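Q: Handing you a structure now.
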Amino acid sequence: MISKPPIWGVGGKGMEVKVLFFGVLLEVTGTGVKHYRDVNSIADLKIRINDDFPEIAHYNFRISVNSEITDNDLLLKTGDEVALMPPFAGG
């Protein structure tokens, strides 16, 4: 039987997103970058991140997808770059 390659696109098996951690979240996770496979949405990704880094639940942060801050539960697609950013002050 010949297996088919994964279908790259929105959600599902084989997709991968890149997650960037900034500020205190970088310290909490011990990394600035982590790749997640097979996540469908921001909600799904949050669950996976909380499973990997339970302490992150104690911090407030904003989420951006491809450099645009979002409060919505977006569907993710392969190649998306998701950034988790704690509050910051200007100066």
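Q: Here's a check for you: in the range 10-22, which residue that is surrounded by fewer than 17 Cβ atoms within 10 Å (Cβ to Cβ) and at pLDDT 95 or above is farthest from Leu76 (Cα to Cα)?
A: The residue in question is Phe22.
Q: Hey, does the range 53-71 have a residue that's among the hydroxyl-bearing types (Ser, Thr, Tyr), outside any helix (DSSP H, G or I) and at pLDDT below 95?
A: The answer is yes, given that some residue of the range 53-71 is among the hydroxyl-bearing types (Ser, Thr, Tyr), outside any helix (DSSP H, G or I) and at pLDDT below 95.
Q: Which one of Val39, Val28 is closer than 12 Å to Lys18 by Cβ, in contact with a helix residue (DSSP H, G or I) (Cβ under 9 Å, 6 or more places away or on another chain) and either outside any strand (DSSP E or B) or in contact (Cβ under 8 Å) with a residue 40 or more places away in the chain (or both)?
A: Checking each option against the conditions leaves just Val39.
Q: Does Thr70 satisfy the condition of being farther than 14 Å from Leu20 by Cβ and touching a Phe, Trp or Tyr at 6+ places or on another chain (Cβ under 6 Å)? Can you show your working first?
A: Values: farther than 14 Å from Leu20 by Cβ: yes; touching a Phe, Trp or Tyr at 6+ places or on another chain (Cβ under 6 Å): no.
For Thr70, the condition - farther than 14 Å from Leu20 by Cβ and touching a Phe, Trp or Tyr at 6+ places or on another chain (Cβ under 6 Å) - is not met.
Q: Regarding Val24, is this residue in contact with a Pro (Cβ under 7 Å, 6 or more places away or on another chain) and of a type in the set (A, V, I, L, M)?
A: yes
The values are calculated or read from the model by the stated rules, or taken from the named source; none is laboratory data. Quick caveat: nothing in here was measured; it's all calculated off a predicted structure. Quick reminder, even Gly has a Cβ in these numbers, built from the backbone with ideal geometry, and neighbours come from all protein chains shown.
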